[in-house]
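Input: a single structure, listed below in C-alpha cells.
Taken together, the values in this text are just the output of simple stated rules run on the coordinates, not laboratory data. Since the model is a prediction, treat every value here as computed from it, not as a measurement. Heads up, the Cβs are rebuilt from the backbone with ideal geometry, glycines too, and the neighbour counts pull from every protein chain shown.
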Amino acid sequence: MDRCPLCRAVLNGAETCRRCRAELQAAQRAECEGRALADAAMHCLSLGHAAAAARLLRRALVLHAAPQTLALWRILAATSRQAGDVAAGEPQGA
Ligand SMILES: [Zn+2]
C-alpha cells in the first residue's frame, strides 16, 4: 500500500497515515494476505490446477481486489468457460 486509502497521502511504509492519522495495519495485512493468495493461485496455475487457482483467486479478491488479481480471475474464468471445467462468474466484492 503506497498511499493512504482515505486521504491519498504517501505512506512510505508507515502503518499510520501522517496526514489523517488513520491506522492502516488491518488494511495492509489484508492486502498482503490477498497478494499471497494470488501468488499461490499463480503457482497452482503453473502446475495446471485451474480449479484450485480459481478458489484461491476468489479468496484473494474478497481480501483485496487488486487490479492484477481481478484480471487474472477474468482470464481464468474466460478460459475455463471455454474449456467447460470451472464454474465461472464474478466473485462478490470484485
Ligand atoms: Zn490518510
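GNM remark for the chain: springs join alpha carbons under 10 Å apart, and the peak mean-square fluctuation among 36, 14, 51 falls on 14.
Between residue 32 and residue 7, full extension at 0.36 nm per residue minus the direct alpha carbon distance yields a gain of 7.0 nm.
For the stretch 26-83, a Kirkwood radius taken over Cα pairs fed into Stokes-Einstein (37 °C, viscosity 0.692 mPa s) yields D = 295 µm²/s. Note on the chain: GNM, Cα springs under 10 Å; of 26, 66, 77, the largest mean-square fluctuation is that of 26.
Report summary: the helix-based calculation at 222 nm, which adds -39500 (n - 2.57) for every DSSP H run with n ≥ 4 and divides by the residues of the chain, gives -19000 deg cm²/dmol. What helices does the chain have that are whole DSSP H segments, at least 15 Å long along their own axis by Cα, and with mean Kyte-Doolittle hydropathy of 1.0 or more? Once both thresholds are applied, what remains is 50-63. Relative contact order for the chain: 19 percent, from Cα pairs under 8 Å spaced at least 6 residues apart, divided by residue count. Longest segment of the chain with no trypsin sites (Lys or Arg not before Pro) in a DSSP loop having at most 16 other Cβ atoms within 10 Å? That would be 22-94.
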